[in-house]
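This report refers to the structure that appears directly beneath it.
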Protein chains: 2
Amino acid sequence: MKNISMKHLAKALNLSTATISKALSDSYDISDETKQRVLKLARELRYIPHAQASSLRGKKSKTIAMVIPEVADSYFAQAINGVEKIAYADGFHVLIYLTHEQLEREKAILKELLNGRIDGLLISVTRQSEEAYHINELVAAGLPVVFFDRIFENIGRGEVTTNDYRASYLLTEHLIQQGCRNIDFLLFSNALSIIKTRLEGYKQALLDYGLIFNTENLIVCSNHDQENERLIQYRLGHKNRPDAIIASVEKLVICTYHACALKHLSIPETIKIAAFANLPTASILQPPMTTITQPAFEMGQAAASLLIKTIKGKSVDPAETKVIIPSKLDLRKSTMLYTT
Amino acid sequence: MKNISMKHLAKALNLSTATISKALSDSYDISDETKQRVLKLARELRYIPHAQASSLRGKKSKTIAMVIPEVADSYFAQAINGVEKIAYADGFHVLIYLTHEQLEREKAILKELLNGRIDGLLISVTRQSEEAYHINELVAAGLPVVFFDRIFENIGRGEVTTNDYRASYLLTEHLIQQGCRNIDFLLFSNALSIIKTRLEGYKQALLDYGLIFNTENLIVCSNHDQENERLIQYRLGHKNRPDAIIASVEKLVICTYHACALKHLSIPETIKIAAFANLPTASILQPPMTTITQPAFEMGQAAASLLIKTIKGKSVDPAETKVIIPSKLDLRKSTMLYTT
C-alpha cells in the first residue's frame, strides 16, 4: 500500500495542504463541512497522521510495544506468549514494558513511545489508571492502540476482553449451589474496571438468589501480602465469618490460603475458596482450587492480530474491533460440597 | 564521553584509517606489532567497532534486548523484573524476545539484532543451544553480551549464574538425611549446562553417602506434559520405585505431583518430592514443596547492571564479570521425615 501524505489529500480535494493540516488538527479556522470532507477521505485512503511520519511511514520499525502491569503473573505471562506468537509469525518485534501498577510509570513509558520507535501499542492499564489522557496523546498522534483485558472503552483501535461479569456471576452461583450463604469478595483498593465488573456479577448473583450483600463481605486489600494475610485472618476470626471467599485477582490467592491455614479452617469443609486465576499449579494446590480461568493466550493472540492488521492498513470490520473471549469455570476441590 | 572513531585512532597513531580498519579486522596485511598498538589504543579510548556505527555511536538506542526461553516460568518472570528495575532506573528500554527453547528461533532473533537496534544483549540460551557461533557473531560485531543462568563461558562481557552444583548437592544430602535411599532425578532430554551441573551435584552427594547411582534413577522427559506424567507413573509402578524425586526444572513439578496422586502415593509419607523451582505457590501446594529457589530477581539485576556498565563504557573489574549468586534451599513438608 502506498503511504498517503497530506499532499495527496490536498490534491484530491483541491485544497491547500495547510487547510488539510488544520482540518486534521480540528482547527477553528476550518468549517465543519470541510473538516468532514477531509476526515472522510483521510479515513478512506487510510491516511496515517503522525509526528514522526518518516519513521512511521518511510520505514516501519516493525516493532510493537506491549505495556502491561507486570510479568510475574500467570495471566500476563500467558498473554505475552499469545502476542509473541502472532508478532513473531509476522516479523514484528515485541517491546515489553512493565508499569508495576504505577500510573506515573505508565505515563512515562507512553511519553517515551511517542518518539516513533514503535508501529503500534498493546496496553493493559494499571490499577491506578482512571483517566486516559496520556493514552489519548498516542492515539491523537496516529499510533494504533489496542487495549486488552484492562481497557478504556472507545478510544483505541480495538479492545480484547473476556466476559468478567458473566464469569463472576457463574462462579458466585456455583458457590451458592454448594450451600454457601456468606460469600466474601477480595479485591484491591484501586478502581479497576474489570474488578468492578467482577464485583457486579457477584452482587447480581447474590441478589438473584435472595442473599444479602453486606459491606463486611468486601475485603479491600493492599499491595502488601502480609497485611492482606492479617486482614483476611481477622475477618476469618469474626463471629459472622464467611463460608466462602472469592479472590478477584490471582495475587490474592496465596494470602487467602495462608490465612485459612493459620486459622485452621479447612478448605472446602469449613470454607470454600475460588479465584480469578490462571495459575498452572491450581490443580496441585492444597486443596486443588476452583478458578475462573481467563483465555490469556487467546486474548494476547487476538489483540496482536487486531493491532498488526491495523498497522498494515488492512480494513478491520468495526464488529471485529471489540473481541470478547469467554473465560472458563474450572471446578476443583476447593469449592466442592462437603458431605459427612 | 565523546565517541571515538577510526579517524581519532588514525590521527593519534599517525596511521591511515585504512590501516586502522585492517588492524581492527585482524587483516594479514598488517603486522602484529601495529595490530597490538591499534588494539591497545582502541581499548584505552573505548573505541566501539560496529557495523551500524551511526546507530551505535552517533545516537545510542538506549535499548537492551533480553533473549530468554520463555516467560511463563517463575524464574524468568522474576528475572525480567530484576532486569527491568535496573534498566528503567537508567532510562533503558528492554526488548524481550522469547526463543521457546528453539535454537533456530534464537538464531533468527540474534540475526535480527545484528541490525544495530540495540546497545547490548542479555541472554539465557535455549535447551538446544550447544554451540555459540550465532552469539559470537554479535560479540564480534562489538555488541556487549552478558549471559545469565544458562551460559556459554568466556565469550561475552559477563556471566551471572547461581551455584547449581552446590545447591543440588545440598538438596540431595537433605533427602538422604530424611532417609531416602533411591532418589530419582527428572530432567529434559537436551543437554543444558546448568542441568548437567545439577545432575553432577546430585551424583556426588549419592557417592559421598555411599549410595549407588543407577541409570534407572534418571527420568528423561520431553516437552509433552502428558507423556511425562505417564513416564513418571510408569516409573512409580516399578518394583524398585524411588522413595524421592528431584525435579531439576520447575516445568516438571506439576506432572510429578499428578503422577504421585494418580498412583496414590502420598507425599511425603511414601515418596518425597523436591524441585528446582521459583513457584510463588510452593507453600500452598498439596503438600507444600521443598525447593531450591534461585535468586532470579537478583540475577536479573546483576546481569542488567553489568551490561549497562559495559554499554556506558565504564570500566568493569574482570573479577566482577563472573557473578555467582547462591540459591536457597527452602525446606517444606514434601520432604519431611515421616514418623508414625
Hey, any idea what Rg/Rh is for the stretch B:94-179, computing Rh the Kirkwood way over Cα pairs? 1.12
Around B:Met66, which amide H atoms from residues at least 5 apart in sequence, or from another chain, sit under 5 Å from its own amide H, with H modelled in the peptide plane? B:Leu95, B:Ile96, B:Tyr97, B:Leu122
What do you get for the angle between helix B:164-177 and the principal long axis of chain B? Use alpha-carbon atoms, 0 to 90 degrees, nearest ten. 10
Using a 7 Å Cα-to-Cβ projection, A:Gln36 label spacings across copies, nm, ascending: 8.3
Radius of gyration, Dmax [the stretch A:296-340; alpha carbons; angstrom]: 18.3, 63
Under a cut-off of 17 Å between alpha-carbon atoms, report the aspartates and glutamates in cross-link reach of A:Lys328, not counting same-chain residues fewer than 8 places apart. A:Asp149, A:Asp164, A:Glu173, A:Glu250, A:Glu298
Rg/Rh (Cα only; Kirkwood hydrodynamic radius) as it applies to the stretch B:164-293: 0.92
With everything on Cα atoms, drop me the angle between helix A:103-113 and the longest principal axis of chain A, reported from 0 to 90° to the nearest 10. 30
Taking GluC sites (Glu not before Pro) that fall in a DSSP loop and have at most 15 other Cβ atoms within 10 Å as cut points, what is the longest piece of chain A between them? A:1-129
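Would you work out the charge dipole size for chain A about its Cα centre, treating the Cβ of every Lys and Arg as +1 and the Cβ of every Asp and Glu as -1, and quote it to the nearest 20 debye?
Numbers: 40 positive and 36 negative charges, 211 e Å.
That gives a dipole near 1020 debye.
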May I ask you to give the solvent-accessible area per residue for the stretch A:148-263, in square angstrom, as obtained with a 1.4 angstrom probe? 44
Taking chain A and counting helices only, DSSP H stretches of n ≥ 4 at -39,500 (n - 2.57) each over all residues, the nearest-500 ellipticity at 222 nm comes to -12000 deg cm²/dmol
Longest span of chain B, sites excluded, free of trypsin sites (Lys or Arg not before Pro) in DSSP loop with at most 12 other C-beta atoms within 10 Å? B:60-238
Using protein heavy atoms only (no ligands, DNA or RNA), what is the total accessible area buried between A and B, 1.4 Å probe, nearest 100 Å²? 3000
Over 18 Å between C-alpha atoms is what I'm after, so list which of B:Lys111/B:Lys251; B:Lys11/B:Lys312; B:Lys11/B:Lys40; A:Lys62/B:Lys111; B:Lys85/B:Lys309 land there. B:Lys111/B:Lys251; B:Lys11/B:Lys312
Those residues of the stretch A:271-308 for which accessible area with every protein chain present is at least 50 Å² below the isolated value (1.4 Å probe): A:Thr281, A:Ile284, A:Gln286
Closest approach to the B-A rotation axis by any Cβ of B: residue and distance in angstrom? B:Gln286, 2
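With only alpha-carbon pairs counted, each pair once and no self-pairs, how large is the Kirkwood hydrodynamic radius of the stretch A:197-248 in angstroms? Numbers along the way, then the final one.
Working: mean 1/r = 0.0815 Å⁻¹.
Result for the stretch A:197-248, one decimal place: 12.3 Å.
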Which aspartates and glutamates, if any, have their Cα less than 15 Å from the Cα of A:Lys263, not counting same-chain residues under 8 positions apart? A:Glu229, A:Asp243
I need the Debye-formula profile for chain B: one equal scatterer per C-alpha, no solvent, reported as log10 I(q)/I(0) at q = 0.07, 0.11, 0.14, 0.16 1/Å, two decimals. -0.37, -0.76, -1.05, -1.28
To make sure I understand the rule: partners must be aspartates and glutamates, Cα under 12 Å from the Cα of B:Lys60, and not fewer than 8 residues away in the same chain. Which ones qualify? B:Asp119
On a 0 to 90° scale, report how tilted helix A:193-208 is relative to the longest principal axis of chain A, with both axes built from alpha carbons and the result rounded to the nearest 10. 40
Total charge dipole magnitude, the protein assembly as shown, about the Cα centre, Cβ charges on Lys, Arg, Asp, Glu only, Debye to nearest 20: 1660
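Leaving out ligands, DNA and RNA, what percent of the accessible area of the protein assembly as shown is carbon and sulfur, probe 1.4 Å?
Working: 15690 of 30320 Å².
Roughly 52 percent of what the probe reaches on the protein assembly as shown is carbon or sulfur.
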Unit-weight point scatterers at every alpha-carbon of the protein assembly as shown, Debye formula, q = 0.05, 0.12 1/Å: log10 I(q)/I(0) is -0.29, -1.34
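The values are calculated or read from the model by the stated rules, or taken from the named source; none is laboratory data. The model shown is predicted, which means the values in this text are computed figures rather than measured ones. Glycine gets a Cβ as well: all are built from the backbone with ideal geometry, and neighbour counts include every protein chain shown. Protein only, heavy atoms only, side chains kept; ligands, DNA and RNA dropped before computing areas. Shrake-Rupley method; radii C 1.70, N 1.55, O 1.52, S 1.80 Å.
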